[in-house]
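Undergrad: The following block contains the structure, expressed as structure tokens.
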Amino acid sequence: MRFTRKKVCCSVLVLLYCAFSFYAAYNVFFRPPQVSRVHRVVSKKGGGGRGSLFYVNELWNPWEEDEKGHKGSQLQIENNWKGLLNPNSRQELPEIQVQIWGKAAIGHYLWQHILEGPLEPLDNTAHWREGKLRSGRTVFSFITGPAVAPGYFSVEAQNVVLVLNGREQAKILYATQWLQYTQTLVQDYKLRHVALVLLGSEECSNNWILPYLKKNGGFVEVLYLVYDSVWINEEDVFQWPLGVATYRNFPVIDPSWSLVHDSRPYLCNFLGTVYGNSSREILMEVIRNEGLDQLCWISPRNEWQPQETNESYKSYHDALLQSDLTLSPVGINTECYRIYEACSYGSVPVVEDVMTPGNCGNSSVKSYAPLQLLKSYGAPFIFIKSWKELPAIINQEQNLSLQEKIQRRKRILEWYRQFKLKLKHKFIETLEKTFLHKDQ
């Protein structure tokens, strides 16, 4: 009996052991694994691959996803604020509208030669001509012609560049009418900003314009002044080039292959008025005594002629095109149209580097005077102090090869192109800086 009970107990224990063993084996080998919350997070981090196993020992933060979202939104807000506060951020800059009123011939040089703007109609005698162009964020419109009179045209911008002639008393009276009209528009809040491009006196007597300058209680914020002046400070008064004689319809010259490469039959040229008791008389004497009229295109006249004829127009342009050098003696002022017109044709200006009488400055004080604007831009001209130096210059010309002259033409043409381009950029930059800065 005891044996029987003992046998039963052993059998039960064996059965229990086997059942436990089968259960354990089932759990280990056959039951699907249970994925815990920790494993879910690890799987997200690792992308579900084997690499996720390396994150098993990290502490799980139950607020991790919420904190990520909060930090992301905070970072976005901070970046937005930085964009608003940073002036160099990628935000669209404000557009500036500028209307140019061209009431002097130098306005055409500004518009067509410097800014390279279109002008319609093409007829130079039209009573109303206009054009429009955009440069960067500045939109320019230009109006000119006899029909553009105070109160008889539409003021299309609150920023205006006024171009006037103040060379002589009659011109000053006319310019004053425009300034008074402009001042009224400013006082009536129809204009906000005004700049002035002024063809000043050849003797640099321009005191009449001083009361109109902003620093003297006026409304003109920026003054661009033709001819050398002691007023020029590169802050609110800048020097402006005389340019070509647009009143004689001197055009924009596009350099051609022949203009650069052709041999020119004349070593130099001078077509102009010979005033009494001037250095031009000395120039003519040197030319005659040295026989240079056989080598150069020389056509003097005794009286200045304001109007061109078809013959004189063609003759002058042919002389520039067919001469290697253009002689530029001083007149009432050292600066003259001939300098820029010669550059247009690749003819090197030979400039009499002498300060003329008046209030233009003191060459003993300023090393660049006269012609300080051209010299500051590195003009590749031939500067002389006396026309008695001309025979030596002509002798050097005779020894130059055509290839050397071609390279020099390229240099003068490229300099002139860069000169106008730099003036354009500086002009626009100054207007934007002055007009926009005052509005901020």
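The values are calculated or read from the model by the stated rules, or taken from the named source; none is laboratory data. Predicted, not measured: the structure shown is a model, and the values here were computed from it. So basically every Cβ, Gly included, is an ideal-geometry build from the backbone, and we count neighbours across all protein chains shown. Just the protein is used for accessible areas: all its heavy atoms, side chains included, with ligands, DNA and RNA removed. Shrake-Rupley method; radii C 1.70, N 1.55, O 1.52, S 1.80 Å.
Undergrad: Which pairs have Cβ atoms under 8 Å, sit 6 or more apart or on different chains, and link a residue in the range 93-118 that is under 12 Å from Glu130 (Cβ atoms) to one that is among the basic types (Lys, Arg)?
TA: Gly117/Lys132; Pro118/Lys132
Undergrad: Let me ask something additional. Could you list, in sequence order, all residues of the range 119-143 that are assigned to a strand (DSSP E or B) and in contact (Cβ under 8 Å) with a residue 40 or more places away in the chain?
TA: Passing the criteria: Ser135, Thr138, Val139, Phe140, Ser141, Phe142, Ile143.
Undergrad: Still on this structure: Identify all residues within the range 212-227 that are more than 22 Å from the chain's Cα centre (by Cα) and surrounded by 14 or more Cβ atoms within 10 Å (Cβ to Cβ); write none if there are none.
TA: Tyr212, Leu213, Lys214, Gly218, Phe219 - these are the residues of the range 212-227 that are more than 22 Å from the chain's Cα centre (by Cα) and surrounded by 14 or more Cβ atoms within 10 Å (Cβ to Cβ).
Undergrad: How many residues does the range 179-194 hold that are open to solvent by less than 70 Å² (accessible area, probe 1.4 Å) and either part of a loop (DSSP other than H, G, I, E, B) or in contact with a Lys or Arg (Cβ under 6 Å, 6 or more places away or on another chain) (or both)?
TA: Summing the residues that are open to solvent by less than 70 Å² (accessible area, probe 1.4 Å) and either part of a loop (DSSP other than H, G, I, E, B) or in contact with a Lys or Arg (Cβ under 6 Å, 6 or more places away or on another chain) (or both) in the range 179-194 gives 1.
Undergrad: Which one of the conditions (1) open to solvent by less than 80 Å² (accessible area, probe 1.4 Å); (2) without any contact (Cβ under 8 Å) to a residue 60 or more places away in the chain; (3) within 23 Å of Ser201 (Cβ to Cβ); (4) touching a helix residue (DSSP H, G or I) at 6+ places or on another chain (Cβ under 6 Å) does Tyr368 fail to meet, given that it meets all the rest?
TA: (1) is the only condition that Tyr368 fails.
Undergrad: Here's another thing I want to ask about it. On the basis of being in a loop (DSSP other than H, G, I, E, B), modelled with pLDDT of 95 or more and open to solvent by 10 Å² or more (accessible area, probe 1.4 Å), does Pro146 make the cut?
TA: Yes.
Undergrad: Something else: Go through the range 141-177 and count every residue that is among the polar types (S, T, N, Q) and under 22 Å from Phe427 (Cα atoms).
TA: Residues in the range 141-177 being among the polar types (S, T, N, Q) and under 22 Å from Phe427 (Cα atoms): 5 in total.
Undergrad: Considering the range 377-400 alone, what residues qualify as being open to solvent by less than 40 Å² (accessible area, probe 1.4 Å), aliphatic (A, V, I, L, M) and more than 32 Å from the chain's Cα centre (by Cα)?
TA: Leu390, Ile393, Ile394
Undergrad: Just the residues that are among the hydroxyl-bearing types (Ser, Thr, Tyr), over 20 Å from Ala379 (Cβ atoms) and touching a Leu at 6+ places or on another chain (Cβ under 8 Å), please, taken from the range 225-284.
TA: Result: Ser263, Tyr266.
Undergrad: Going by what's in this entry, would Trp208 be described as surrounded by 20 or more Cβ atoms within 10 Å (Cβ to Cβ) and of a type in the set (Phe, Trp, Tyr)?
TA: Criteria not met by Trp208.
Undergrad: Could you figure out which of (1) β-branched (Val, Ile, Thr); (2) more than 27 Å from Leu162 (Cβ to Cβ); (3) surrounded by 20 or more Cβ atoms within 10 Å (Cβ to Cβ) isn't true of Ile339?
TA: With respect to (1) β-branched (Val, Ile, Thr); (2) more than 27 Å from Leu162 (Cβ to Cβ); (3) surrounded by 20 or more Cβ atoms within 10 Å (Cβ to Cβ), Ile339 is out only on (2).
Undergrad: Scan the range 101-127 for residues that are open to solvent by 70 Å² or more (accessible area, probe 1.4 Å), at pLDDT 95 or above and under 26 Å from Glu168 (Cβ atoms) and jot them down.
TA: His127
Undergrad: I need the full set of residues from the range 300-312 which are exposed (fewer than 14 other Cβ atoms within 10 Å of the Cβ) and at pLDDT 85 or above, in order please.
TA: Arg301, Thr309, Asn310, Glu311, listed by residue number.
Undergrad: Among the residues of the range 79-86, is any modelled with pLDDT under 95, open to solvent by less than 90 Å² (accessible area, probe 1.4 Å) and over 28 Å from His425 (Cα atoms)?
TA: Yes, the range 79-86 contains a residue that is modelled with pLDDT under 95, open to solvent by less than 90 Å² (accessible area, probe 1.4 Å) and over 28 Å from His425 (Cα atoms).
Undergrad: Restricting attention to the range 401-414, and to residues there that are under 29 Å from Gly291 (Cβ atoms) and among the aliphatic types (A, V, I, L, M), which single residue is surrounded by the most Cβ atoms within 10 Å (Cβ to Cβ)?
TA: Ile412
Undergrad: Residues being touching a Phe, Trp or Tyr at 6+ places or on another chain (Cβ under 8 Å) and either at pLDDT 95 or above or buried (at least 22 other Cβ atoms within 10 Å of the Cβ) (or both): count how many of those fall in the range 233-254.
TA: 12
Undergrad: If we keep just the residues of the range 380-399 that are free of Cβ contacts under 8 Å to residues at least 40 places away in the same chain and outside any helix (DSSP H, G or I), which is farthest from Arg280 (Cα to Cα)?
TA: Once the filter is applied, the top-ranked residue is Asn399.
Undergrad: Here's something else I'd like to know. Keeping to the range 150-170, report how many residues are without any contact (Cβ under 8 Å) to a residue 12 or more places away in the chain and over 29 Å from Pro94 (Cα atoms).
TA: So the answer is 3.
Undergrad: Can I ask one more? Could you list, in sequence order, all residues of the range 415-437 that are open to solvent by 30 Å² or more (accessible area, probe 1.4 Å) and of a type in the set (S, T, N, Q)?
TA: Scanning the range 415-437 gives a single hit, Gln418.
Undergrad: Now, a different point. Sort through Phe427, Phe419, Phe435 and tell me the only one that's over 17 Å from Asp262 (Cα atoms), in contact with a Lys or Arg (Cβ under 8 Å, 6 or more places away or on another chain) and of a type in the set (Phe, Trp, Tyr).
TA: None of the others qualify; the one that does is Phe435.
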